[in-house]
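S.K.: What follows is a structure written as structure tokens; I'll ask about it next.
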Amino acid sequence: MAEQAQRRAFEAQAQEKPTHNNHAYEELRHLIVAPEQEGIATIQERLDNLEKRTADVSVVVAEAIQMRREKGDDLALAAALAPTIQETLRESVRRDPHVLADALFPVMGPAIRKSIAETLRGMLESFNEALEHSLSWRGIKWRIEGFRTGKPFAEIVLMHSLLYRVEQVFLIHRETGLVLNHVVAPSAPAQDAAMVAGLLSAIQQFARDSFQPGQTENLGNMTFDELQIRVVSGPNAVIAAAIRGHAPEAYNLAMNETLEEIQRHYSSALAHFTGDPGPFRAAEPQIARLLETQYREKPPETRRPRAAMIAGAIAAVLLLGWAGYSTYLLIEWSRFLSELRKQPGIVVVSYTKDGRTFHIQGFRDPLSEDPKKLISQAGLDPDSADLQLAPYYSLDDAIVARRATALLHPPAGVTLSAKNGELIPEGSAPQNWIAQLEEKAPWIAGVSRVDESHLQNSSLRQLNALRGTLESVVLLFPLGRAELDSGQETNLAQSEKNIRALIAQAVPLRQVVTVELVGHTDITGVEAANLTLSRERADQIRAALLHNSVNSAILLPRGVGTSQPLHDESSEEGRRLNRSVTFKVTLSPLPAAGTASSASGAAPAN
Amino acid sequence: MLQKKVCMLGSFSVGKSSLVRRFVESMFDEQYHTTIGVKVDKKVVNANDEDLTLVLWDIYGEDVFQKMRMSYLRGMHGYLLVVDGTRRQTLDDALRLNDRVVSEIGKVPAVLALNKFDLTDQWEIEPDRETQLAAAGWTLERTSAKTGDAVEKAFLHLAQAIMAK
Ligand SMILES: Nc1nc2c(ncn2[C@@H]2O[C@H](COP(=O)(O)OP(=O)(O)OP(=O)(O)O)[C@@H](O)[C@H]2O)c(=O)[nH]1
Ligand SMILES: [Mg+2]
């Protein structure tokens with residue numbers, strides 16, 4: 001194009017001056033000036049031709065801008081370009097918004113996410129502050145919440161005030177991704193450390209390769225729902241912390257410090273690590289220090305105590321105390337009342353409280369426990385009770401037994417109990433008390449029967465004992481004689497006493513006593529003579545007893561000779577025992593009430 | 001306990017994940033779920049009279065779309081190079097991959113698993129080829145993740161080689 005222009009310019013000149021006489025001059029001039037003229041013409045052409053000028057500038061425009069920027073003057077350039085660029089963008093969006101949207105897409109996502117995260121963080125912080133300043137109200141709200149949900153207050157507070165909790169900390173060998181140590185907060189869920197550590201470092205590798213090629217900087221945070229994983233990396237080790245909630249940035253500082261400490265302390269173990277985590281066991285306290293739990297703030301009670309708060313607290317304590325004491329009294333009284341209701345012989349019909357006084361209405365058997373005493377025993381003030389208890393006869397078993405005891409005065413060793421109207425005496429009692437029992441019991445209120453199966457008659461037992469004693473006595477006689485052996489007098493005297501006692505004791509038992517005096521002989525001599533001798537011996541004893549004024553009617557002498565020997569007579573001792581008188585007692589019941597008095601009358605008067 | 005990082009290497013669908021699953025969980029699944037990224041598993045084995053934990057990095061297999069990321073292999077103590085015996089191509093690919101691994105990571109103990117040995121009628125690897133490989137120094141195992149044949153053995157050989165180092 002430039003060549004063409006040159007040629008055209010030259011031809012134009014040639015046509016303007018077609019003279020021949022100054023041809024030489026022209027030749028010369030041409031020789032001297034032509035190249036320059038052509039140059040000028042070219043330049044002229046370039047300047048005049050817009051197309052050419054554009055083409056020229058286009059070659060240098062990028063370099064020019066670059067040069068301008070290198071001169072450090074880009075602000076002016078930017079200022080100059082800004083309106084155009086703005087206009088350009090506006091125009092571009094007007095024409096087709098997709099072009100720009102597509103171009104910006106890769107940067108918009110992260111930018112938006114980042115902005116949202118920042119906003120949320122800010123909101124959380126201001127929310128915290130708001131909470132701090134509405135302390136008491138919040139406390140009340142939490143209490144209401146606790147009341148509503150039935151959860152313990154402490155749990156509500158914890159739920160609302162737990163800021164973050166570091167649940168697990170991993171110390172990981174950076175190159176291999178193998179776990180060097182791992183700590184878990186108490187009661188936090190733990191995963192398999194080896195696998196988690198491996199996965200974490202795989203993710204790290206992936207992130208490094210995908211997003212930041214060439215850079216050694218690490219992925220610092222990963223967030224899964226409310227679980228966040230913070231990672232700090234050193235040259236040979238990585239610390240990862242699994243955090244629930246929102247830990248402050250300062251926590252990373254602690255992680256970094258720990259990591260540096262470990263890097264320093266275990267530098268050679270880390271460099272030569274071949275899969276043995278043994279040497280890193282000692283690092284446990286260091287990483288365990290990173291397991292922290294942070295609350296939004298300290299519990300409300302530990303806040304600055306102000307005078308008003310103290311006064312309020314005292315008032316509250318007093319109020320609570322008073323309410324508590326009243327409640328305590330009410331509870332104690334109702335407990336006492338239910339105890340009182342269980343008392344035999346006391347019936348509570350109704351009770352009312354007016355001011356400090358409890359009015360109790362009902363009935364009371366005189367034999368029941370003293371209610372005033374029961375009130376004192378319950379730790380309550382008997383004077384604050386107004387008892388309106390009308391007397392009555394209780395048919396309660398315990399009271400019936402008490403009543404029977406009061407009326408019957410059982411002898412020592414006899415107890416009385418009652419069950420459904422039946423009186424049950426237990427133990428051993430003399431006949432006369434038993435007689436009294438049988439006579440009086442049916443008259444006692446609440447007793448309809450008496451069960452004597454657990455009662456022993458001590459008189460009867462004594463009577464039988466006496467009878468046994470008497471019947472074992474053997475009064476001895478010399479061979480062939482009817483006078484007692486010398487030395488048998490005390491034996492006779494004792495027997496006489498026993499007979500008297502027997503008679504006396506048979507009276508209340510309504511028994512008639514007869515004592516047979518049985519005379520015996522040994523087999524020496526003829527039987528006829530022996531019979532006579534035995535009878536003589538029995539008579540002899542009867543006479544002695546009558547002499548001592550034992551009732552003659554009850555003594556029946558009999559001679560049996562050798563017919564009822566006490567012993568076999570192969571020995572002299574056997575024979576000696578058979579020369580004797582023995583007693584045999586017969587008891588027979590008094591035939592009828594009419595004759596009873598006469599039988600009693602027959603009893604000896606001392 | 002001693003821990004060792006072991007990687008599963010080989011082309012896609014040769015059975016790397018299946019071998020890990022068989023080894024760790026004693027299970028097998030006919031369905032193919034290609035691995036995305038890395039799955040980490042672990043298993044305790046006893047090699048040379050010592051218990052050790054193998055931390056198994058099951059890495060996605062190379063295909064035409066994605067190359068292996070060598071960075072996943074950093075620090076590994078050994079690897080199982082897995083081949084699908086019914087696709088001869090996967091053996092050539094595996095050996096090429098192996099060269100790359102050796103040049104970038106260096107030489108570490110490895111075992112070559114010729115997998116899917118249960119599919120004998122489709123087997124494409126000639127016995128001669130195996131002899132050559134053995135001569136070249138490879139420890140070979142004809143494994144089947146499906147039946148479990150030689151799976152334990154392959155990992156155990158690898159663990160022993162690692163411990164012997
Ligand atoms: N018959 C048979 N099939 C197998 C065997 N091992 C794996 N397969 C099957 O082969 C397919 C691929 O197995 P994967 O274990 O997922 O293969 P991979 O190497 O992990 O594949 P990528 O993760 O994609 O790299 C699945 O359908 C498995 O069921 C084997 O030993 N025998
Ligand atoms: Mg897989």
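The values are calculated or read from the model by the stated rules, or taken from the named source; none is laboratory data. This one's a predicted model, so the numbers in the text were calculated from it and none came from an experiment. Glycine gets a Cβ as well: all are built from the backbone with ideal geometry, and neighbour counts include every protein chain shown. Surface accessibility is based on the protein's heavy atoms, side chains included, excluding ligands, DNA and RNA. Shrake-Rupley method; radii C 1.70, N 1.55, O 1.52, S 1.80 Å.
S.K.: Can you find, within the range B:21-35, the residue that is farthest from the other protein chains (Cβ to nearest Cβ) among those that are acidic (Asp, Glu) and farther than 26 Å from A:Val179 by Cβ?
M.R.: The residue in question is B:Glu30.
S.K.: When the range A:478-500 is examined, which residues are found to be surrounded by 16 or more Cβ atoms within 10 Å (Cβ to Cβ), out of contact with any helix residue (DSSP H, G or I) (no Cβ under 8 Å at 6 or more places or on another chain) and not in a loop (DSSP other than H, G, I, E, B)?
M.R.: Scanning the range A:478-500 gives a single hit, A:Arg500.
S.K.: Kindly provide the set of residues from the range B:24-73 that are open to solvent by less than 20 Å² (accessible area, probe 1.4 Å) and under 15 Å from B:Val14 (Cβ atoms), ordered by number.
M.R.: B:Asp58, B:Ile59, B:Tyr60, B:Gly61, B:Met68
S.K.: Restricting attention to the range B:19-72, report how many residues are assigned to a loop (DSSP other than H, G, I, E, B), in contact with a Phe, Trp or Tyr (Cβ under 8 Å, 6 or more places away or on another chain) and within 11 Å of ligand 2 (Cβ to nearest atom).
M.R.: Total satisfying the criteria: 6.
S.K.: Quick one: which residue in A:Leu395, A:Leu337, A:Leu329, A:Leu389 is within 29 Å of A:Ser453 (Cα to Cα), surrounded by 12 or more Cβ atoms within 10 Å (Cβ to Cβ) and not β-branched (Val, Ile, Thr)?
M.R.: A:Leu395
S.K.: Among the residues that make up the range B:131-141, is at least one of them in contact (Cβ under 8 Å) with a residue 12 or more places away in the chain, within 14 Å of ligand 1 (Cβ to nearest atom) and either within 14 Å of chain A (Cβ to nearest Cβ) or under 16 Å from B:Arg88 (Cα atoms) (or both)?
M.R.: yes
S.K.: Exactly one of (1) assigned to a loop (DSSP other than H, G, I, E, B); (2) under 30 Å from A:Ser458 (Cα atoms) is unmet by A:Ser368. Its number?
M.R.: With respect to (1) assigned to a loop (DSSP other than H, G, I, E, B); (2) under 30 Å from A:Ser458 (Cα atoms), A:Ser368 is out only on (2).
S.K.: So, B:Val102, is that one within 16 Å of the chain's Cα centre (by Cα), within 14 Å of chain A (Cβ to nearest Cβ) and more than 16 Å from ligand 1 (Cβ to nearest atom) or not?
M.R.: No: the conditions fail for B:Val102.
S.K.: Additional query: Search the range A:565-592 for residues being under 30 Å from A:Ala504 (Cα atoms) and surrounded by fewer than 17 Cβ atoms within 10 Å (Cβ to Cβ), and hand back the single one that is modelled with the highest pLDDT.
M.R.: Within the range A:565-592, the match that is modelled with the highest pLDDT is A:Lys584.
S.K.: On the basis of being over 16 Å from A:Arg467 (Cβ atoms) and of a type outside the set (Val, Ile, Thr), does A:Ala501 make the cut?
M.R.: Judged against the criteria, A:Ala501 is not a match.
S.K.: On the basis of being surrounded by fewer than 20 Cβ atoms within 10 Å (Cβ to Cβ), in a helix (DSSP H, G or I), modelled with pLDDT under 90 and not charged (D, E, K, R), does A:Ala282 make the cut?
M.R.: For A:Ala282, the condition - surrounded by fewer than 20 Cβ atoms within 10 Å (Cβ to Cβ), in a helix (DSSP H, G or I), modelled with pLDDT under 90 and not charged (D, E, K, R) - is not met.
S.K.: Quickly run through the range A:452-477 and pick out the residues that are over 16 Å from A:Val518 (Cα atoms) and open to solvent by 40 Å² or more (accessible area, probe 1.4 Å).
M.R.: Selection gives A:Glu452, A:Ser453, A:His454, A:Gln456, A:Leu460, A:Arg461, A:Gln462, A:Asn464, A:Ala465.
S.K.: Considering the range B:2-23 alone, what residues qualify as being on the phi > 0 side of the Ramachandran plot and surrounded by fewer than 24 Cβ atoms within 10 Å (Cβ to Cβ)?
M.R.: Result: B:Ser13, single match.
S.K.: Considering only the range A:564-583, I want to know if a residue exists there that is outside the structural domain of A:Trp433 (by TED's automatic domain parsing), closer than 30 Å to A:Ser458 by Cα, of a type in the set (Ser, Thr, Tyr) and in a helix (DSSP H, G or I).
M.R.: No; the residues of the range A:564-583 include none that is outside the structural domain of A:Trp433 (by TED's automatic domain parsing), closer than 30 Å to A:Ser458 by Cα, of a type in the set (Ser, Thr, Tyr) and in a helix (DSSP H, G or I).
S.K.: Out of the residues in the range B:38-55 that are within 11 Å of another protein chain (Cβ to nearest Cβ) and farther than 18 Å from A:Phe273 by Cα, state the one that is farthest from the chain's Cα centre (by Cα).
M.R.: B:Val44
S.K.: Let me ask another. Can A:Pro235 be described as closer than 23 Å to A:Pro186 by Cα, within 14 Å of chain B (Cβ to nearest Cβ) and in contact (Cβ under 8 Å) with a residue 40 or more places away in the chain?
M.R.: No.
S.K.: Oh, and also: I need the full set of residues from the range B:4-54 which are near ligand 1 (Cβ under 6 Å from one of its atoms) and of a type in the set (A, V, I, L, M, F, W, C), in order please.
M.R.: Listed by number, the residues that qualify are B:Phe12, B:Val14.
S.K.: Collect the residues in the range B:74-97 that are within 14 Å of chain A (Cβ to nearest Cβ) and either open to solvent by 40 Å² or more (accessible area, probe 1.4 Å) or part of a strand (DSSP E or B) (or both), keeping them in residue-number order.
M.R.: If the condition is that a residue be within 14 Å of chain A (Cβ to nearest Cβ) and either open to solvent by 40 Å² or more (accessible area, probe 1.4 Å) or part of a strand (DSSP E or B) (or both), then B:Arg74, B:Gly78, B:Tyr79 are the ones that fit.
S.K.: In the range B:152-164, is there at least one residue being of a type outside the set (A, V, I, L, M), within 16 Å of ligand 1 (Cβ to nearest atom) and under 26 Å from A:Gln205 (Cα atoms)?
M.R.: Yes: one or more hits.
S.K.: Would you say A:Leu407 is surrounded by fewer than 20 Cβ atoms within 10 Å (Cβ to Cβ), of a type in the set (A, V, I, L, M, F, W, C) and closer than 24 Å to A:Val349 by Cα?
M.R.: Here the answer is no, as A:Leu407 does not meet what is asked.
S.K.: Further question: Given the criterion surrounded by 15 or more Cβ atoms within 10 Å (Cβ to Cβ) and either outside any helix (DSSP H, G or I) or in the same structural domain as A:Pro410 (by TED's automatic domain parsing) (or both), identify the matching residue among A:Thr521, A:Thr514.
M.R.: Step by step, each of A:Thr521, A:Thr514 is checked, and only A:Thr521 is surrounded by 15 or more Cβ atoms within 10 Å (Cβ to Cβ) and either outside any helix (DSSP H, G or I) or in the same structural domain as A:Pro410 (by TED's automatic domain parsing) (or both).
S.K.: Right, next: When both residues are 6+ apart or on different chains and their Cβ atoms are under 6 Å apart, which pairs have a first residue that lies in the range B:1-20 and is within 13 Å of another protein chain (Cβ to nearest Cβ), and a second that is of a type in the set (Val, Ile, Thr) and more than 12 Å from ligand 1 (Cβ to nearest atom)?
M.R.: Listed by first residue and then by second, the contacts come to B:Met1/B:Thr53; B:Gln3/B:Thr53; B:Gln3/B:Val55; B:Lys4/B:Ile162; B:Lys5/A:Thr176; B:Lys5/B:Val55.
S.K.: Would you be able to tell me the number of residues in the range A:411-429 that are touching a residue at least 24 places away in the same chain (Cβ under 8 Å) and out of contact with any Asp or Glu (no Cβ under 6 Å at 6 or more places or on another chain)?
M.R.: Within the range A:411-429, residues that are touching a residue at least 24 places away in the same chain (Cβ under 8 Å) and out of contact with any Asp or Glu (no Cβ under 6 Å at 6 or more places or on another chain) number 8.
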